[in-house]
Amino acid sequence: IKRKVCTCNMLGENEKKNRSIASGLFWSFLERIGAQGVSFIVSIVLARILIPEDYGVVAIVQIFITFANAITTTGLNAAIIQKKDVSKEDDSSAFVLNMILGIGLYIVIFLFAPVIAQLYHLDLICPVLRVLGIRIPISAFNAMQRAYVSRKMEFKKFFYSTFGGTVVSAFVGIYLALKGFGCWALVFQYLTNTAIDTIILLITVEWRPSFNVSLKSMKNMLDFGWKVLAGSLISEIYLELRNIVIGWKYSSTDLAYYKRGQQFPALFLTNITSALGSVMFPALSKEQDEFDSLKNKTRKSVRCCIFIMAPLMFGMAAVAKAMVLLILTDKWEGCIPYLIMYCISYAVLPISTLSEQAYKALGLGNVLLWTQCISKGLGIVFILITIPFGVYWIGVGMVISTYMTLVLYLVVNARYIRYSIKEQIKDLGPTLIIAIIMAVVVYMISFLVDDCILLLIIQLLFGILIYIGLSWYYKIEALEDYLILFRKIGNKK
């Protein structure tokens, strides 16, 4: 009887955890989609009011703000979420240390703003950098709020804060732009967004800062946090490296095509991986002492994510020409090869993102750091090799390095989370093969229809039918997982 009660309790706990993850993913996706939707509309409105020079000044300033924010929102935030039992001393120590970092970085930027303005020969950069830099200490405070919410898996609060900040800042930005404030409209839009986000969390979240500091606690969190931070900074630098190289070595037109090719696949990848990362890291951290459960959750999340991303990316690659000509017109036809390359790369990229959440959850900061170093180092080697051959081959090098990096993560997963290569191939292989078959068929349809709108409609319908049909026929596990989830939602209703 005791054994039966124990088993029932375990099943009940697992059901609660699964519901918590499902709810977290729902609200996290809703947060990303809502914020991106509003931001996209606002960006179109502001682009019609402001001039390119306004965006140029803020774009330069954002480089420095982004790197400073990465320092205050990555390392200690991850350390707090990962820790199994967080004491008040841990919370307070992380908060104090993060605020010292945030204020210190702002002081550095404030002092060096005139030097940066001189470097770019733009006097306006100095005041803009000093004002927009206020985001850094605010973000440092906000990072601790987000760590608390993530640990509690209360992702609905992120939706309210992010969406609220985005909407209010949208009105501020548009109003100031209409009043002729130029680049300052963008500055105060960004500032308002961060401030409102923080204020809403301050109202809705129980967490309050305190100053009960422990040097031992600081040291323990830094031991893990600096590795996560270093990996994040390496990733940030690497993401911008190809753009810097293309802009320096080739023309601005080449860079424009390359960046535009990234735009559509990146929109889906960023939203999906951000939502998954924010939910799966705290969820897996709770399983760090139950290795089999952590592995199973990682395995299921990889299966389900690839089931969506693979057809989305390979399908987009197949309809790239019709989509670009219809949405962007033929003046952007030069971006089509790069769009296809990014789609092929991004189809498997979530595997590394989800794997990294598992490493962080297990406290494997060293593993996270050296896998980042090897994967990004490999990418840099391909950049150096392909630079002399043109932008097209730089893109080809990116695709090759992405799939070589995939092999690295498969091996590391087998070694550190006991997710064997055979299991990974079983989970990923059939889905990727079916997605590629679907993409080939969809691409072949483009030779039969000339009208872009009609072609896209036919390709979309055939793509969905082929992919779902083959997945059903070959009993792909991820499809069954989604069907079970939809049934549960339907039963609740």
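Computed quantities for the displayed model
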read-out	value
Some residue of the range 254-272 being at pLDDT below 75, touching a Lys or Arg at 6+ places or on another chain (Cβ under 6 Å) and not β-branched (Val, Ile, Thr)	yes
Residues of the range 129-161 satisfying the condition of being surrounded by fewer than 21 Cβ atoms within 10 Å (Cβ to Cβ), assigned to a helix (DSSP H, G or I) and modelled with pLDDT of 90 or more	Arg130, Val131, Ile138
Condition met for Lys216 (in a helix (DSSP H, G or I), open to solvent by 40 Å² or more (accessible area, probe 1.4 Å) and modelled with pLDDT of 70 or more)	no
Test result for Phe171, part of a helix (DSSP H, G or I), at pLDDT below 80 and closer than 28 Å to Val45 by Cα	no
Qualifying residue in the range 372-394 (condition: exposed (fewer than 15 other Cβ atoms within 10 Å of the Cβ), at pLDDT below 90 and not in a helix (DSSP H, G or I))	yes
Test for Ser355: is it buried (at least 20 other Cβ atoms within 10 Å of the Cβ), out of contact with any Asp or Glu (no Cβ under 8 Å at 6 or more places or on another chain) and in contact (Cβ under 8 Å) with a residue 40 or more places away in the chain	yes
Some residue of the range 404-416 being in contact with a Gly (Cβ under 7 Å, 6 or more places away or on another chain), part of a helix (DSSP H, G or I) and aliphatic (A, V, I, L, M)	no
Residue in the range 82-99 that is crowded, with 24+ Cβ neighbours inside 10 Å, modelled with pLDDT under 70 and part of a helix (DSSP H, G or I) present	yes
Filtered residues of the range 331-383 (kept if at positive phi and either of a type in the set (D, E, K, R) or within 20 Å of the chain's Cα centre (by Cα) (or both))	none
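The values are calculated or read from the model by the stated rules, or taken from the named source; none is laboratory data. The structure displayed is predicted, hence computed values, not measured ones. Quick reminder, even Gly has a Cβ in these numbers, built from the backbone with ideal geometry, and neighbours come from all protein chains shown. Surface accessibility is based on the protein's heavy atoms, side chains included, excluding ligands, DNA and RNA. Shrake-Rupley method; radii C 1.70, N 1.55, O 1.52, S 1.80 Å.
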